[in-house]
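Here's the structure we're looking at; comments come further down.
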Amino acid sequence: MKSLNDLEGFCDYLVGKYGNPRASTEDQKAEEFRQIYLRDLPANVRALRAVASCFGVHLKESEKMPRNVRGYHEMCGGRKYIYYRRNDTASGIENTILHELREMMETVFVQTEPGYEPLRTSARHIAANRFASAVLLPEDEFRERAYRAGFDVIGLSGIYSKSCSQILLRIGEVIQDRLFFYGALYEPDDAEGKEWAVTYWSGSRNGETKPSIFGIDGPFPKKGRRALPGSLVDKAVKTKMPHLSSKITLNHAWSFSDERLIALAQPMVNTAAEVEKVALIIMNTCDSHLLQPQIDAIKPISLEGIPASVGGKDGH
């Protein structure tokens, strides 16, 4: 086996332990990465810089990053480079380093494993995102903390110093198939801040829910769907207060009854007393006790129900 002091050696180690690169999950790859290179060290920028240096990867700031791109990597003159946005947050830099390392690993697998078919561009991007989150938010530890916090996306974001979007997506990953869960982040969708729409969403099914419930025609809002007037999200934005409802209506094509779902919308308010985003969580009523730590912490306004449906063509 090759030395573990470079990226090729790490990839060779994974193949030796798990077989085909796709035989190991991103969480397993991340756990191996943590045990070998981080051990008891925190997964911060300083530690990840050291790992990148061990791999022979040079990190560089970039002032001219393409729009909506946080980082990228390239091979130039026989040297590996990862570029990250100048003045990015520490969390953003950590994600960029890990994301790009995972994408580089896919290239190594192709070069070293005969017959290996690399992930397509979108799948590679998803795998890299999950690998980064799994390194920064280890599965078992994060799942336990998420339960203790009552799935408080905004609270967990502060605890871990990670973006709300990363926290939300990671929750969906670590509780997948354990219980029904839908979470979404809403942010302003117009210059005046009057319209709010889903920017990120995550979902987990349990054994009773339909596989297609989070599909295109499913009842829960996807990216770009706007909050309806009078919805929990709309009320959270206008009052700057969290709202809770134990009676949710779905469109008639789905079998959930009004009594089976509980929803909680929590606004993130900045120092200027402005709402930056709203985190919406929906769960089965039978699991409502799991939200209690968050409810106790934020003390939402409780409603008998909401007048608008959760899903359908209009969103929440």
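The values are calculated or read from the model by the stated rules, or taken from the named source; none is laboratory data. Just so we're clear, the structure is a prediction, and the values are computed from it rather than from any experiment. Glycine also receives a Cβ, built like all others from the backbone with ideal geometry; neighbour counts cover every protein chain displayed. All accessible areas refer to the heavy atoms of the entire protein, side chains included, with ligands and DNA or RNA removed. Shrake-Rupley method; radii C 1.70, N 1.55, O 1.52, S 1.80 Å.
Looking at 69, 51, just one residue is of a type in the set (Val, Ile, Thr) and outside any loop (DSSP other than H, G, I, E, B), and that residue is 51.
Which count do you get for residues in the range 35-69 that are among the basic types (Lys, Arg) and crowded, with 17+ Cβ neighbours inside 10 Å?
From the range 35-69, those among the basic types (Lys, Arg) are 39, 46, 49, 60, 64, 67; that's our starting set.
Of the ones still in play, those that are also crowded, with 17+ Cβ neighbours inside 10 Å are none.
Result for the range 35-69: 0.
Scanning the range 32-61 for residues that are touching a residue at least 24 places away in the same chain (Cβ under 8 Å) and charged (D, E, K, R) yields 34, 49, 60, 61.
Residues that are of a type in the set (Gly, Ala, Ser) and touching a Ser or Thr at 6+ places or on another chain (Cβ under 8 Å): which helices (runs of 4 or more DSSP H) entirely in the range 152-239 hold 1 or more of them?
Values: elements: 153-160, 164-174, 232-239.
Counting at least 1 such residues, we get 153-160, 164-174.
Return a yes/no flag: does the range 114-123 have any residue that is touching a Phe, Trp or Tyr at 6+ places or on another chain (Cβ under 6 Å) and in contact (Cβ under 8 Å) with a residue 40 or more places away in the chain.
Yes; the residues of the range 114-123 include at least one that is touching a Phe, Trp or Tyr at 6+ places or on another chain (Cβ under 6 Å) and in contact (Cβ under 8 Å) with a residue 40 or more places away in the chain.
When the range 87-110 is examined, which residues are found to be farther than 24 Å from residue 47 by Cβ and touching a residue at least 12 places away in the same chain (Cβ under 8 Å)? Scanning the range 87-110 gives a single hit, 109.
Looking only at the range 178-192, count every residue that is closer than 27 Å to residue 285 by Cβ and either among the acidic types (Asp, Glu) or surrounded by fewer than 20 Cβ atoms within 10 Å (Cβ to Cβ) (or both) and tell me the total. First the steps, then the outcome.
As a first pass, look at the range 178-192 and keep what is closer than 27 Å to residue 285 by Cβ: 178-186.
If we keep only those that are either among the acidic types (Asp, Glu) or surrounded by fewer than 20 Cβ atoms within 10 Å (Cβ to Cβ) (or both) as well, we get 178-179.
Residues in the range 178-192 being closer than 27 Å to residue 285 by Cβ and either among the acidic types (Asp, Glu) or surrounded by fewer than 20 Cβ atoms within 10 Å (Cβ to Cβ) (or both): 2 in total.
Of all the numbered requirements in (1) out of contact with any Ser or Thr (no Cβ under 9 Å at 6 or more places or on another chain); (2) open to solvent by 30 Å² or more (accessible area, probe 1.4 Å), residue 90 misses one, and that requirement is (1). Put simply, of 40, 27, 6 the only residue that is closer than 23 Å to residue 139 by Cα and more than 23 Å from the chain's Cα centre (by Cα) is 40.
Quick check on the range 300-310. Is at least one of its residues at pLDDT 90 or above and open to solvent by less than 40 Å² (accessible area, probe 1.4 Å)? For the range 300-310, residues at pLDDT 90 or above and open to solvent by less than 40 Å² (accessible area, probe 1.4 Å): present.
How many of the residues making up the range 137-177 are on the phi < 0 side of the Ramachandran plot, open to solvent by 10 Å² or more (accessible area, probe 1.4 Å) and small (Gly, Ala, Ser)? Matching residues across the range 137-177 total 6.
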